[in-house]
1. Counting only other residues whose beta carbon sits under 15 Å from that of residue 148, what net charge do I get with K and R as +1, D and E as -1?
2. Please list 206, 74, 80 in order of solvent-accessible area, largest first, computed with a 1.4 Å probe with all protein chains present.
3. For the chain, just run the numbers: alpha carbon Rg, then divide by 2.2 N^0.38 Å, N being how many residues it has.
4. Could you tell me the ratio Rg/Rh of the stretch 1-64? Both radii from Cα atoms, Rh via Kirkwood.
5. Can you give the helix-only mean residue ellipticity at 222 nm for the chain, where every DSSP H stretch with n ≥ 4 adds -39500 (n - 2.57) and the sum goes over all residues, rounded to the nearest 500 deg cm²/dmol?
6. For the chain, list the DSSP H helices whose alpha carbon atoms reach 24 Å or more along the long axis and whose average Kyte-Doolittle value is 0.5 or above?
7. Using alpha-carbon positions, what is the distance between the centroids of the stretch 148-210 and the stretch 5-76, in Å?
8. Leaving out ligands, DNA and RNA, what percent of the accessible area of the chain is carbon and sulfur, probe 1.4 Å?
Amino acid sequence: ETMVLLRLARANRPAWTCIIGLSWFWTVGAVYLTEFPSLTQRTLGGDVRVLNLLLVVFAVGIAGGSLLAGRLLRGLLSARPVAPAALVLSVLTLAFAGLVSLPDAAGWHSPAALLSSVPGVLAVLCVLGAAGAGGVFSVPLYTMLLHRSDPARRGSMIAANNVVNAAFIVAGSGLVAALSAAGIGPAHTLALAGVLNLGAAYVLWRRPPT
């Protein structure tokens, strides 16, 4: 049944492009959420309050980005915001990775210490902006997936999307685990995700779903 779903989805190229784009979005999000605890403890020397702050900022950013996507599209069916949002996500992810690699970051052991430092505030804003870009990235793809699917098979398309999302998340989590086992720190892992995401931005710019 899973293979039938995937074959059905692959036969609809616009919908399949949206599914791959959404799966990549979930992969990058999984990298962030997987690395936040390790980053907080190993890099920042922070406690659970710092972790909670990062998680809340990340969630608020995605919600805000999703609302912004609605404003940008104004009811139109378009993938135009997707590639720019992916580019912003990469830039801010790389900026965040750079900021948490600074020597001062080792002193961000509490929310107060984090927010009393200019680089710390910038790091939080990078998380907020990156998550917001993720919201702008995903909403048009979800919208186009629904509109480019046959109404009679829309449920199957959503099911296929969930299957591919899960596969990408598992693969991304496995890559993070392998990098961690190889001694790669969370900041460098996030930087790698930012670089790889540039490739996704390029592909979606050259071949956007229509």
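1. With Lys, Arg at +1 and Asp, Glu at -1, the net is +4.
2. Putting 206, 74, 80 in descending order of accessible area: 74, 80, 206.
3. 1.06
4. Checking Rg against Rh, the ratio lands at 1.22.
5. When only DSSP H runs of four or more count, the value is -27000 deg cm²/dmol.
6. Length and hydropathy pass: 13-38, 48-73, 82-100, 118-147, 154-181, 186-206.
7. 10 Å
8. Values: 7060 of 10280 Å².
That share works out to 69 percent.
The values are calculated or read from the model by the stated rules, or taken from the named source; none is laboratory data. Bear in mind the structure is a predicted one, so any value in this text is a computation, not a measurement. Using ideal geometry, Cβ is built from the backbone for each residue, glycine included, and neighbour counts are taken over all protein chains shown. Side chains are part of the model used for accessible areas, which takes the heavy atoms of the whole protein and leaves out ligands, DNA and RNA. Shrake-Rupley method; radii C 1.70, N 1.55, O 1.52, S 1.80 Å.
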